[in-house]
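> One structure, pasted below without further comment.
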Amino acid sequence: MTKRSKLDSLVVSIRKSKRQGLASLPAAKRKALVRERGSDAVRAILLTDHPDWEAEVFELGEPASPWPYAGLSPGEVARRALGPLAERLPRLLAKLASAELVVPAHHEAEPDSPDRGGWFLIYALPTDAGHELWIAGPPNAAPEFEVEGWTLPEPLRELYAQHEGMGLLHAQFGWTGVQPGIQPAVQLAMPALDTRDEDWAPEPADLLRFTQGSGELGESGWCFARNQKPRKGRRKPGDELVICELDDEFSVLGNAVPFDFWGFLDRYLVGDPEAELPALER
């Protein structure tokens, strides 16, 4: 029996027994599987842990992918893929550099699905419970963006020029299942939400969500906000972007605050967003 057929048999066995994917294997065997089988092991993780996110997995350096980085370490791949953003995102870079393996994959989205297909870079990061998969979208210097009254905020434009969306692949599918993560621009669709809170907005606030939410339907999340009371030295509301958090009932949590997007993103993606922000009032 070939290595590939043995791996296929393992996948079938895990799925039939309804065990928790490759996480059900002893830690030493999981690590050896990824180390020895490379892209086939990532394929097995997808089949067992993320069966709704079907993808064709390739070896690093696949010429059809946007990342022809054959022979590079995960840290070198992450640095090249992030390009000029690597120096702004040191925590994220360190996290991705800890991956056991990195491979490109091509995902076909279902018709009429909010999911997005195309090329993705997959990082297999080891954990005590097994490998978790982080996915990063392709570079896109001119992403689709149609939200009435908005232009795409410059920090997101810079991010999407390297990766149009990225984060931990969740148990659901595609970009609706990236948590934590930054979504592609086409998913940003929450303009002109009326907060009716005169304490921090002189008129209905204009919100633009850029992260996957955590409510039952993914409602909550982090947002850009406009139409704010001008800070000292500013002439009018709406001439700067601030950030706020939206809860699962579409209400704004706390005060919208000015922020450093890259400092926020670097902490948000590794699990500590509020360390970068002034304390939010609950």
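> When the residues of the range 121-135 are filtered to those that are over 14 Å from H50 (Cα atoms) and out of contact with any strand residue (DSSP E or B) (no Cβ under 9 Å at 6 or more places or on another chain), which remaining residue is modelled with the highest pLDDT? Before the answer, list the steps.
Taking the range 121-135 first, the residues over 14 Å from H50 (Cα atoms) are 121, 123, 125-129.
Now drop any that are not out of contact with any strand residue (DSSP E or B) (no Cβ under 9 Å at 6 or more places or on another chain), which leaves 127-129.
Numbers: T127: 82, D128: 78, A129: 73.
Residue satisfying both the conditions and the ranking: T127.
> Moving on. With the structure loaded, tell me whether A161 is modelled with pLDDT of 75 or more, small (G, A, S) and surrounded by fewer than 19 Cβ atoms within 10 Å (Cβ to Cβ) or whether it fails that test. First the steps, then the outcome.
On the way: modelled with pLDDT of 75 or more: yes; small (G, A, S): yes; surrounded by fewer than 19 Cβ atoms within 10 Å (Cβ to Cβ): yes.
Against the criterion (modelled with pLDDT of 75 or more, small (G, A, S) and surrounded by fewer than 19 Cβ atoms within 10 Å (Cβ to Cβ)), A161 qualifies.
> Has the range 171-193 got at least one residue that is at pLDDT 80 or above, crowded, with 18+ Cβ neighbours inside 10 Å and aromatic (F, W, Y)? Walk me through how you get there before you give the answer.
Of the range 171-193, the ones at pLDDT 80 or above are 182.
If we keep only those that are crowded, with 18+ Cβ neighbours inside 10 Å as well, we get 182.
Within this subset, residues satisfying the condition of being aromatic (F, W, Y) are none.
No, every residue in the range 171-193 fails to be at pLDDT 80 or above, crowded, with 18+ Cβ neighbours inside 10 Å and aromatic (F, W, Y).
> Kindly establish whether W134 is more than 17 Å from the chain's Cα centre (by Cα) and among the aromatic types (F, W, Y).
So W134 does not fit the description; no.
The values are calculated or read from the model by the stated rules, or taken from the named source; none is laboratory data. Model, not experiment: these values are computed from the prediction. With ideal geometry, Cβ positions are generated from the backbone for all residues, glycine too; neighbour counts draw on all protein chains shown.
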